[in-house]
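Asks: Please find one structure pasted underneath; my questions will follow.
Where a number appears in this text, it was derived from the coordinates with a stated rule and is not lab data. Here the structure is a predicted model, which means the values were calculated and not measured.
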Amino acid sequence: MSARTKARKRALDILFSSDVRGEEVSVVLAAAAKRAANEPAREASWLYARDIVDGIIDNRDEIDEYITTHSRDWKLQRMPAVDRALLRIGTWEIVYNDEVPTAVAIDEAVELAKELSTEDSGAFVHGVLARIARSI
């Protein structure tokens, strides 16, 4: 598994934890940073995970607007928390990170959705991210 794939999972853990606990993402991120300081072997994945989460914090309203606009009759609050977090990660990579090809961002989000969420989540995440990608 690549460092970026691991980083996406770490970012997902942070966003999911924040969502489920009702805590600010920045608080959960700070706690994760403390743990990461004791894991030097995982530095590469931690640095990109932090980039993802910081990017989502900085652009949250725009990211959520992209998702809401392209999710076809699904309100953000009704989506499973894992899907919501993956859509935020994928949207940030598609819209704000030129280093990641769009197809890679979509594929990584879809694979995590298939692995960690509902039976229909992979197709749902793919559809929303593909529509976002076509819109920009």
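Asks: Which of 55, 22, 90 moves most in a GNM of the chain, Cα contacts under 10 Å?
Replies: Of 55, 22, 90, the most mobile in the Gaussian network model is 22.
Asks: Per residue, what volume in Å³ does the Cα convex hull of region 1-114 take up?
Replies: 100 Å³
Asks: Can you pull the Rg over Rh of region 41-90, Cα-only, Kirkwood?
Replies: 1.07
Asks: Please give the length that would be gained between residue 64 and residue 13 if that part of the chain were fully extended, namely 0.36 nm times their separation in residues minus their C-alpha to C-alpha distance (nm, one decimal).
Replies: Extra length from residue 64 to residue 13 when fully extended: 16.5 nm.
Asks: Compare 53, 20, 82 in a GNM of the chain, Cα atoms joined below 10 Å, and give the one with the largest fluctuation.
Replies: The residue with the greatest mean-square fluctuation here is 20.
Asks: Just 109, 41, 49 to compare: in a GNM of the chain, with alpha carbon springs under 10 Å, which one fluctuates most?
Replies: Result: 41 has the largest fluctuation of those listed.
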